[in-house]
Amino acid sequence: MRVALKECSWRAVGEDLVIVFDPRESITLEDPEGKIGALLTALGQGPRSIPELRAALGARGVDVTEEELGKGVEGLAGLGLIERAGGRSTGDPVVDERHFSNLAFFGTFADLDRHRTDFLRRVRDAHVLVLGVGGGGSSLVQCLAGLGVGRLTLLDHDRVESRNFARQFLYRHEDIGRSKVERARAWVQAYDPDIEVRTVDRWVAGPEDLADVTDGIDLMAGGLDGHPDAGLWVNEAAVRAGVPMVAGGATRTLLSYISVNPGVSPCLACEFSQRPVEGTAAAAAEDIVYGMRTTNPLIGPLAMQVGSLIALESLRYLTGFQEPLAAGARIRIDLRDGLAGSRVPFPDVPDCPVCALAPARSAAA
């Protein structure tokens, strides 16, 4: 196996070696004999196997055994500084150029077992159902297309209106009156013809309206408006299908997003099960909120924030580059506090009737 050094820099300071990969932090290692610095220099000249590294170090007057080198490579891998050389490129120059930044991002999380091209392959093989291509949903579509998600199914029933233009940048004046999902599909196909796009122009009035669009998908993302229970319908459809769900939205001064991993995390119904005591002011306020019809205050910068956060959480599920941050929780971003964030876990409800609908998961799932 040949290993490659990630994009890092280092400098000897006395008997220490200071290494920087992520500019937010530095790594300081004791290196009185300069062996680690010599190893980094050899790796910096290109990918090499252990025997090749030993020969390169020997040429510099550094005598080490293959066992010592193996431990040194393991140590660098533990610090996130090296990866397997064969996983850095897809082998297709066109694909590598198209996904240059995506591959660089995945390189941050790549190691000797998880290759940056493996992360990219999972994205390109994925099928995501996007629910709603309006406020946050239109930005979500753009983010997923940028990541290179291979298949998108777009579901919405709205038509483009001029009032959308403050926060929905997929659309143009000439699109007014036309189907949002069809115009969104046209945008994606013009942006990246390699992405397969299917559209569903449908009004959703219950979880059963989503049953026929969940087959073969890897994830549901976005959110539906039009009814206070729409989020619960999507939650139930996702749990029944056994596919993760990521959703988000906004009130006047609060953005939030959630995710549900069926059979693993609590679901949205668990959160909604914790109602205030009837007859209290808190219960009255919740009833008022449930029945409110308000003007949509979501402006472009906030809509893009919601869409991008949903896309990033979706990427965690699709690739595993990190554990999902919002699984069984609500991430809140408070506009009144300068977009300060907080995480509020859903309650664990052992007898949740919706969680009970999740298909059994295999040991490998």
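Quick notes on this one:
- Looking at Ser26, Ser9, just one residue is polar (S, T, N, Q), closer than 18 Å to Glu83 by Cβ and surrounded by fewer than 14 Cβ atoms within 10 Å (Cβ to Cβ), and that residue is Ser9.
- Condition check for Leu255 on (1) farther than 20 Å from Ala356 by Cα; (2) of a type in the set (A, V, I, L, M); (3) surrounded by fewer than 16 Cβ atoms within 10 Å (Cβ to Cβ): one failure, at (3).
- Test: residue in segment 232-241 that is over 19 Å from Ser314 (Cβ atoms) and out of contact with any helix residue (DSSP H, G or I) (no Cβ under 9 Å at 6 or more places or on another chain): no
- Residues of segment 166-216 that turn out to be β-branched (Val, Ile, Thr) and in a helix (DSSP H, G or I), as a count: 3
- Selection over segment 126-168 of residues that are more than 14 Å from Ser314 (Cβ to Cβ) and either surrounded by fewer than 20 Cβ atoms within 10 Å (Cβ to Cβ) or aromatic (Phe, Trp, Tyr) (or both) gives a count of 8.
- Test result for Ala281, without any contact (Cβ under 8 Å) to a residue 24 or more places away in the chain, assigned by TED's automatic domain parsing to the domain that holds Leu140, hydrophobic (A, V, I, L, M, F, W, C) and surrounded by 11 or more Cβ atoms within 10 Å (Cβ to Cβ): no
- Any hit, segment 63-86, residues being closer than 23 Å to Phe119 by Cα, buried (at least 17 other Cβ atoms within 10 Å of the Cβ) and of a type in the set (Lys, Arg): yes
- Every test in (1) surrounded by 17 or more Cβ atoms within 10 Å (Cβ to Cβ); (2) under 16 Å from the mean Cα position of the chain (by Cα); (3) over 16 Å from Leu5 (Cβ atoms) is passed by Gly107 save one, and that test is (3).
- Residue match in segment 112-121 (condition: without any contact (Cβ under 8 Å) to a residue 40 or more places away in the chain, crowded, with 19+ Cβ neighbours inside 10 Å, assigned to a helix (DSSP H, G or I) and in contact with a strand residue (DSSP E or B) (Cβ under 8 Å, 6 or more places away or on another chain)): yes
- Residue in segment 96-108 that is of a type in the set (Val, Ile, Thr), at pLDDT 95 or above and not assigned by TED's automatic domain parsing to the domain that holds Gly320 present: yes
- Residue match in segment 234-251 (condition: surrounded by fewer than 20 Cβ atoms within 10 Å (Cβ to Cβ) and modelled with pLDDT under 95): yes
The values are calculated or read from the model by the stated rules, or taken from the named source; none is laboratory data. Just so you know, these numbers come straight off a predicted model, no measurement behind them. Every residue, glycine among them, receives a Cβ derived from its backbone with ideal geometry; neighbour counts consider all protein chains shown.
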